Amino acid sequence: MATAPYGVRLLVGAAVTAIEETKRLPQTILMYPLTVASQAAQIVMRIQQNIAELVNKGDEALGCLFPPKAEKPEWATFDEDVTDELPPRPDGHDGERLTEGRFALYTTGEPEPAGDAAPADGSTGSAPATPPEIVSELDYESLTLAQLRARLPSLRVADLEELLSYEEATTARAPFQTLLANRITRASTK
């Protein structure tokens, strides 16, 4: 095959390229908005990078001219400033766990101050001279709320009332009182 002159080959090549691009035109038109958006995003990112570089250079220059003060603000607390000791709690406890189990928040084992209010049964609020038999039988003092709830179905109404009276006269823990009072109500209606 004979070689065509350079100019002819150039024109034929341009014509073939134009035909190929014409065939791809529908796809190119559909992709054009995405291409423009992508290029715009690249330009914005480049501008942001250039601005960040200028700001960093400005910070370095100002740091050389005006060195930062090594002063620590009084409100700042850093890890190396923190001691391992905790301040004493105002209630007198040093962080020991007061009770075990799921209801530890409700069972502190300490009587709540009754103030001027007297217990509902009219007692003086001090512990009875001898606790009822059911208290020692259940080892009531060491029970958590969940443990007491599990034992309630096996108790008689009289036992429940004795426990409620004992609770009101000693520690007066609201969750225990509510649990016992509700169980007495349910057992009485049966």
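Given (1) modelled with pLDDT of 55 or more; (2) surrounded by 10 or more Cβ atoms within 10 Å (Cβ to Cβ), where does ARG89 come up short, assuming only one miss?
(2)
Please work out which one of (1) closer than 15 Å to VAL135 by Cα; (2) in a helix (DSSP H, G or I); (3) not small (Gly, Ala, Ser) is the condition ASN182 fails and give its number.
(1)
Considering every residue within the range 11-34, establish whether at least one is more than 30 Å from TYR166 (Cβ to Cβ) and at pLDDT below 75.
no
If only one of ALA172, ALA158 is out of contact with any Lys or Arg (no Cβ under 8 Å at 6 or more places or on another chain), surrounded by 15 or more Cβ atoms within 10 Å (Cβ to Cβ) and aliphatic (A, V, I, L, M), which one is it?
Only one candidate qualifies: ALA172.
Does the range 42-54 include one or more residues that are of a type in the set (Asp, Glu) and at pLDDT 90 or above?
yes
Would you be able to say whether some residue in the range 113-126 is modelled with pLDDT of 90 or more and over 41 Å from the mean Cα position of the chain (by Cα)?
Checked the range 113-126: no residue is modelled with pLDDT of 90 or more and over 41 Å from the mean Cα position of the chain (by Cα).
Answer yes or no as to whether ALA150 is within 41 Å of the chain's Cα centre (by Cα), at pLDDT 90 or above and surrounded by 14 or more Cβ atoms within 10 Å (Cβ to Cβ).
no
The values are calculated or read from the model by the stated rules, or taken from the named source; none is laboratory data. This structure is a prediction, so every number in the text was calculated from the model and none was measured. Here the Cβ is made from the backbone with ideal geometry for all residues, glycine too, and neighbour counts use every protein chain on show.
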